[in-house]
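Working notes for the structure below.
The values are calculated or read from the model by the stated rules, or taken from the named source; none is laboratory data. These numbers come from a predicted model, not from an experiment. Quick reminder, even Gly has a Cβ in these numbers, built from the backbone with ideal geometry, and neighbours come from all protein chains shown.
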Amino acid sequence: MIASAAFYSLVGVMVVALFFFPFRLNSTLFMTVLVMGIAEGLYLRHGGLIEKAGLTLPGGRYGLLSVVLLFLIGWLYYSGYKPIKGEMEHLGYKKSMSMGMFKEAEKHIAKAVEYDPDNTLYCLYAAQLYMGPAKDLAKARDMLERAVHLFNGDATKWSLYYLKGQLAFQTGAIMEAKAALEKSLQYNPLYTEAQQKLDEVNKVIKEHDRVMIKFR
């Protein structure tokens, strides 16, 4: 039984690794249990412990069966097909970034977000691209806000708020940058990059206050 469980787990992990990285607990566990169920069914059929029976349903239940079938198709499309396509576009984004093809990378990450709009990592990578080579701070802000509000645990919150503070600082929203960086340090007090950027923001605020006092 231990050897069988290890085999099921290994097959489940390797199948999921073909489509998703890093490993996600839900999808990996689903594949593990699916392989266990298939193996158990084959064992029971081979041992003659179960027999195949015909499906008999009253006429009125065929409509319900059609609805259930359509529901399963829709669930597989949104929960299986679209995330896999998003992961493939994410892989294309990484390859394009490694080769310095930023326009292609932008196309790939935009499609990945379109396939899986609730994925925090895709939104985060898109925001980093727009803050860097693509230079579209408005889109970067939208992607960061989406990553924060649709947070699914694939990234760290302190890194999200650090980027949000950095972006706000670049666009001149000083107080918003201060609040975001302080939020980043709440999640990770040892995050030195956030502390350094917060010190820089506080210095700008002090200089601004001095100028306003002299002006008055």
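Please list, ordered by first then second residue, the pairs with beta carbon atoms under 8 Å, 6 or more apart or interchain, first in segment 130-156 and buried (at least 18 other Cβ atoms within 10 Å of the Cβ), second part of a loop (DSSP other than H, G, I, E, B) and among the small types (Gly, Ala, Ser).
147/155
Got a sec? Which of 48, 12, 54 is more than 30 Å from residue 153 (Cβ to Cβ), at pLDDT below 70 and either part of a helix (DSSP H, G or I) or not polar (S, T, N, Q) (or both)?
54
Conditions tested, residue by residue: (1) closer than 29 Å to residue 90 by Cβ; (2) surrounded by 16 or more Cβ atoms within 10 Å (Cβ to Cβ); (3) more than 21 Å from the chain's Cα centre (by Cα); (4) at pLDDT 90 or above.
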{"site": "111", "(1), (2), (3), (4)": "yes, yes, no, yes"}
{"site": "162", "(1), (2), (3), (4)": "yes, yes, no, yes"}
{"site": "186", "(1), (2), (3), (4)": "no, no, yes, yes"}
{"site": "208", "(1), (2), (3), (4)": "no, no, yes, no"}
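Looking at 88, 97, which one is surrounded by fewer than 16 Cβ atoms within 10 Å (Cβ to Cβ) and assigned to a helix (DSSP H, G or I)?
From the options 88, 97, the qualifying one is 88.
Filter segment 60-101 down to the residues that are in contact with a helix residue (DSSP H, G or I) (Cβ under 9 Å, 6 or more places away or on another chain), closer than 17 Å to residue 118 by Cα and among the hydrophobic types (A, V, I, L, M, F, W, C) and list them by number.
Of everything in segment 60-101, those that are in contact with a helix residue (DSSP H, G or I) (Cβ under 9 Å, 6 or more places away or on another chain), closer than 17 Å to residue 118 by Cα and among the hydrophobic types (A, V, I, L, M, F, W, C) turn out to be 84, 88.
On the basis of being under 25 Å from residue 204 (Cβ atoms) and modelled with pLDDT under 90, does residue 135 make the cut?
Yes: the conditions hold for residue 135.
Which one of these does residue 127 not meet: (1) surrounded by fewer than 17 Cβ atoms within 10 Å (Cβ to Cβ); (2) part of a helix (DSSP H, G or I); (3) touching a residue at least 24 places away in the same chain (Cβ under 8 Å); (4) not polar (S, T, N, Q)?
With (1) surrounded by fewer than 17 Cβ atoms within 10 Å (Cβ to Cβ); (2) part of a helix (DSSP H, G or I); (3) touching a residue at least 24 places away in the same chain (Cβ under 8 Å); (4) not polar (S, T, N, Q) applied to residue 127, the lone miss is (1).
Keeping to segment 137-184, report how many residues are outside any helix (DSSP H, G or I) and over 22 Å from residue 110 (Cα atoms).
Residues in segment 137-184 being outside any helix (DSSP H, G or I) and over 22 Å from residue 110 (Cα atoms): 3 in total.
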